[in-house]
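Report on the structure given below.
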Amino acid sequence: MRVLVTGASGLLGRSVAEAVVAAGHEVRTFQRRPSGVPGATDSLGSVTDRAAVARAALGMDAIVHLAAKVSLAGDPAEFDLVNVGGTRAVIDAATDAGVRRLVYVSSPSVAHAGASIVGEGAAVADPGLARGDYARTKAEAELLALDADSPRLRVVAVRPHLVWGPGDTQLVARIVDRARSGRLPLLGHGAALIDTTYIDNAASAIAAALERVDHVHGRSYVVTNGEPRPVAELLAGICAAAGVRAPAWRVSAGLARVAGSAIEAVWRIRPGADEPPMTQFLAEQLSTAHWFDQRQTRADLNWAPAVSLDEGFRRLAASFAR
Amino acid sequence: MTSRLPRTASTPAAATLPLAGLAGLDPAFSRLVEVPERSSATGVTRTWHVLDNGAELERRGVRPTGTILCVHGNPTWSYLWRRLLTAATDATADARTEAAAWRVIAVDQLEMGFSERTGTPRSLATRVRDLTDFTDAIDLSGPVITLGHDWGGVVSLGWAVDHAPLLAGVMLLNTAVHQPEGSPIPAALRLALRGGVLGPATVSTPAFLETTLALAHPSLSTEVRNGFRAPYRGAARRGGIGAFVADIPVDSAHESAPELDRIAESARTLAVPALLLWGPRDPIFSDRYLDDLVDRLPQADVHRFEGAGHLIAEDVDYPPVVLGWLGERVGERASLAETAGTTETAETVETEVPRLPLWHYLEELQDNSGTALIEMAPPGGRRPRVVSWRLLSRRVREIAAGLIGIGVKRGDRVSLLVPPGADLTAVLYACLRIGAVVVVADAGLGLRGLTRAVRGARPDHVIGALPGLLAARALGWPGQKISTVRLSPPLASALGVSFTLGDIAGLGRSFDEALPARPDVDEIAAILFTSGSTGPAKGVAYTHAQLSALRDALAVQYGIGVGTGLVAGFAPFALLGPALGATSVTPDMDVTSPRTLTAASVAQAALAVNATVVFLSPAALTNVVATSVSLTTADRRALAGVQTFLSAGAPVSERLLGEAAALMPGATAHTPYGMTEGLLMTDITLDGIRAALGADKSSHARTDPDSTDPDSTDPGGVCVGVPAATTRVRISALDENGEATGRPDEVPHVTGEIVVSAPHLKDHYDRLWLTNRESARGTAPGQRWHRTGDVGHLDDVGRLWVEGRLPHVITSPDGVVTPVGLEQQIEAVGGIERAAIVGVGPVGTQQVVAIVETTPRERRARFATARFATASLASADLASVVRGAVRHPIAAVLVVPRLPTDIRHNSKIDRTRLAGWAGGILSGGRMIRP
């Protein structure tokens, strides 16, 4: 298969491109910077450039669409432009180029209203429920993508939850930076169970979805390690791997939500150089349970995670040690 | 009686169909029926509104097996039966053509619901005739099973007794057909019937209707309330409600009294199957009315739904119960003849061996001056109380004769609220001898559990010590009250005590006549209550033969016989002493708190009878071991004479049993496995436990923990040994939802519900028809088998391993997980005192959580990480140590100050409660103690 992978300069995109190459496919990547994926050819451009997307899609059998604006704060219009507009451009390009398969990489936050998720499957995306501009625009884009599912273009959405691993500039880097500067509190008692996804597992699940899209098209699948842990243990595990002190101070979950929404409001008026130190979304994420029923995902994608949580921590520690 | 109701009560109105959109009611079932009134010479026709699934069955091409004729009470209407119509109709969608199909017809009685308002009040006799007019009008043919609630129960029974040729069964929910002599009608109805109250309460205002709707447990939804209110909006619609209340026969002069008497007496002649479903939380129809119905319909299957009340049809999901019962008792009667020839031949039928009665040794040793029993700390006494066989035998005879003297009859139920000791022993054997049924509920149930137990068992007599009688008075327990101690006349009168045990024995002494004939071996001898650790306590009925079989099983298993000195460290065990011919002694202990028993108390009790057998509850073992340092040389010598040491009631760890056994160096330690329903099912010795542990360890050592070899998924558990001589054990395999759906079998290494059979197994559960049925589900017909609710497996040499309780089975994405094996592995970790394994999350995808109690104890509940590890684990990461100890992934490890356990044994961990607690915390809830 000739496969286009968008957003391959990010941690997950690169890993996916590598996994697809390893599966024996011919891979072209599409992003603004060179991907550096061995065995893949780069096609540079932005998903906001419809012509560039259309060029990249020519001659492809399948597309894995990862390119997105991922952030806790920022201009809402920018999220719309990249996440919704970019996805629309990919769908249109796929349709025009006669691409037969599309894997849309999404996020469980597209169906998350802020309450705990305890062993649920993948609910339908709902931009009205989603918290924050990232989740809202990812939800709209997932609905667009699944709506495009047809006999000519088979579409499946895969939602890896909290992807982390060596080289991760999102979750791991944020946690480690904040812990290092003493700005990482534990929210509440830290016992809320959270399931995460080690980078290799997320990549292999997306690659599996690509193989299975003819059987699973039209649906959404949440992907995780299937190993929920208390959030404090996860934070402690990541900090330990990085050799920094784990969170030593606590903030009540309720207070953090209030503070998060206040800080968000201030940030909107006077955006800082970095992201806000706390958002309501983050406060909810860190104080409520998020774990999922993985039975359907594993059965339908014919996939199982190869790297356990503990092995992931070992690999993360090794990467910091280098 | 109309004069007592407002004029508006007699407003005539035509029947109508209900408005559409009433919650849960399919409008397709509604129809209006023209019914000629036979009794009226003028040829009046009345219009009835009824719910009827007949047309729908016909549309589906289903020929009904029979018809359920449902009659509502006051102030409900056919809406009460909406779920039965739906369930009976849906059941016909089942592809099995063999399944019975039921037509359900639920009427709105005239003046009620959406039926015609005739403007004339209707007496009970009229209503029974009305119903006949209706069934004639629709040309109802048999077989018919009636179903009635409240006063509809009386009307339905009236129809039933008049239609014997059509009748195939009667079913009743909370109702009454007879007001016991000398007892007033319920206060709520008395109030409603008062002159100035009746009209306003029932007709002018919806007070009676609203009060009735408020009786539901849990509360009705607004939608359902509106369903019940629909036909009664406006005073003119409510005349029937007032007239119905006015028609309650308050005395024999009432117009409807003769008809009520006729129905009540004729009910005794009904030979058809009967089902009584009862909600005990009913301020109108209390349990005494259930008693009266059981007396009239002795063939009835009875189920009391603990917690349900007057509106039982709303409180309980009754349609499957009704349909299940019909299928079993009525539907299969027709096809019985065909299958009769092909019933089980493979299973051997139990042959009952003749057994000595329980009081045998009290007769044989009646002139023996040897010691029968000793109480080391009798109530109110400072010195041990010693009772000889001669004295005990005489006392039993006197009490037996005295009980007969005060009117205790064979088959009467006698509740014993007496702490274990000489009095209880004497009363127990006296009751057994005269054929009275003893009801024994242990104080360990707690007051609430005891109240439920005593109310549910409906004793005719209560024999109690002061605390029991005070509770009986305060909580309104039924039955004639007898005190074990002499009370001051004002106190006796305040407590409603009619006799003391002394009076009764004195009365018995004055009788010279021989005691009456012995009760038959198949009569019920006792009702023992379960611990209530697994839901409301259940009454377990044993026959004389079954209790004798229990005595024989114990005698054979432990070599207990005449002359054996027996220390009963679990007080109720002392009751069996006289039946075994053994000399039993109760140590100085608080029977309600077994964990306070000390080693010195056990030793002194052993010394008093030269004990060779010691029985201790598992809860007592910890303290006995902990207090063993205070044992004197003499104490130790007494304990050295013990040959058999027993501990039972809950799983006992090898370590604890070993430590306790070390105090009795000459003894073989045993721990039998059983339950209230079957007290000795298997047995294992300490050596046997150690052998099992060794075998278990070596089998683990053989396998690589990461391999996929099936051995590595050995669920472990507590080895409880091999079945006792007359016991059979089978396993009903669990399915992926954690339900025991497998056919009971003896295949080793299959985890499932433990199913047992023995001559000393229970006869049945008292007034719990559903529970009985569930208890024998899937077992060979014609035999007594019992599903224990425990899960476990058999091994290659026939030993049984207990892995936990059925409701505690965890359904993880990788398959079912049983708790005990994992708990044992965690408890082997240093610094962990006890562990509980529970599941959180939805069935099928549950995560396994470990909850541990550490030494030293944590003061607050929290979860374990390196930072918060307890002092005893210092630098070690408790969570990773716990994870490392077990082979199944553990999502979280929580540390608690103390794991919640049951009151009776202080050893059965309440995993259900812990699972709910852990589920809350792990989803972000507040960190509180379990």
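Observations
- Test: residue in the stretch B:895-906 that is surrounded by 18 or more Cβ atoms within 10 Å (Cβ to Cβ) and modelled with pLDDT of 85 or more: yes
- The strands (runs of 3 or more DSSP E) falling completely within the stretch B:420-490 that include 1 or more residues that are assigned by TED's automatic domain parsing to the domain that holds B:L392 and without any contact (Cβ under 8 Å) to a residue 40 or more places away in the chain map to B:480-483.
- Test: residue in the stretch B:8-23 that is in contact with a Leu (Cβ under 8 Å, 6 or more places away or on another chain), closer than 25 Å to B:M171 by Cα and in contact (Cβ under 8 Å) with a residue 24 or more places away in the chain: no
- Residue count for the stretch A:202-241, restricted to those that are under 16 Å from A:G119 (Cβ atoms) and more than 9 Å from chain B (Cβ to nearest Cβ): 5
- Residue in the stretch A:76-84 that is within 17 Å of the chain's Cα centre (by Cα) and charged (D, E, K, R) present: yes
- Considering residues of the stretch A:182-205 that are surrounded by fewer than 24 Cβ atoms within 10 Å (Cβ to Cβ) and modelled with pLDDT of 95 or more only, the residue farthest from A:S15 (Cα to Cα): A:S204
- Enumeration of residues in the stretch B:352-385 that are farther than 16 Å from B:A422 by Cβ and under 32 Å from the mean Cα position of the chain (by Cα): B:E352, B:V353, B:P354, B:R355, B:L356, B:P357, B:L358, B:H360
- B:E223 vs. criteria touching a Gly at 6+ places or on another chain (Cβ under 9 Å), under 28 Å from B:G307 (Cα atoms) and either outside the structural domain of B:G73 (by TED's automatic domain parsing) or surrounded by fewer than 20 Cβ atoms within 10 Å (Cβ to Cβ) (or both): yes
- The lone criterion from (1) among the β-branched types (V, I, T); (2) within 14 Å of chain B (Cβ to nearest Cβ); (3) within 18 Å of A:A17 (Cβ to Cβ) left unmet by A:I199 is number (2).
- Filter result for B:L326 (within 24 Å of B:G158 (Cβ to Cβ) and modelled with pLDDT of 95 or more): no
- B:A88 satisfies every condition listed in (1) in contact with a Pro (Cβ under 8 Å, 6 or more places away or on another chain); (2) farther than 24 Å from B:A216 by Cβ except (2).
- The conditions of being at pLDDT 95 or above, of a type in the set (A, V, I, L, M, F, W, C) and crowded, with 20+ Cβ neighbours inside 10 Å are met by A:A208.
- Residue check, A:V47 surrounded by 17 or more Cβ atoms within 10 Å (Cβ to Cβ), hydrophobic (A, V, I, L, M, F, W, C) and within 20 Å of the chain's Cα centre (by Cα): yes
- Evaluation of B:I241 against (1) out of contact with any Ser or Thr (no Cβ under 6 Å at 6 or more places or on another chain); (2) within 30 Å of B:T11 (Cβ to Cβ); (3) in a helix (DSSP H, G or I); (4) of a type in the set (V, I, T) (one fails), failing number: (1)
- Flag if B:G242 is crowded, with 21+ Cβ neighbours inside 10 Å and farther than 24 Å from B:L293 by Cβ: yes
- For the stretch B:257-288, a residue qualifies if it is touching an Asp or Glu at 6+ places or on another chain (Cβ under 9 Å) and surrounded by fewer than 22 Cβ atoms within 10 Å (Cβ to Cβ), and the qualifying residues are B:A257, B:A264, B:S266, B:R268, B:P273, B:P280, B:R281, B:I284.
The values are calculated or read from the model by the stated rules, or taken from the named source; none is laboratory data. Remember, predicted model here, so these are calculated numbers, not experimental data. Counting neighbours? That spans all protein chains shown, and the Cβs are built from the backbone with ideal geometry, glycine included.
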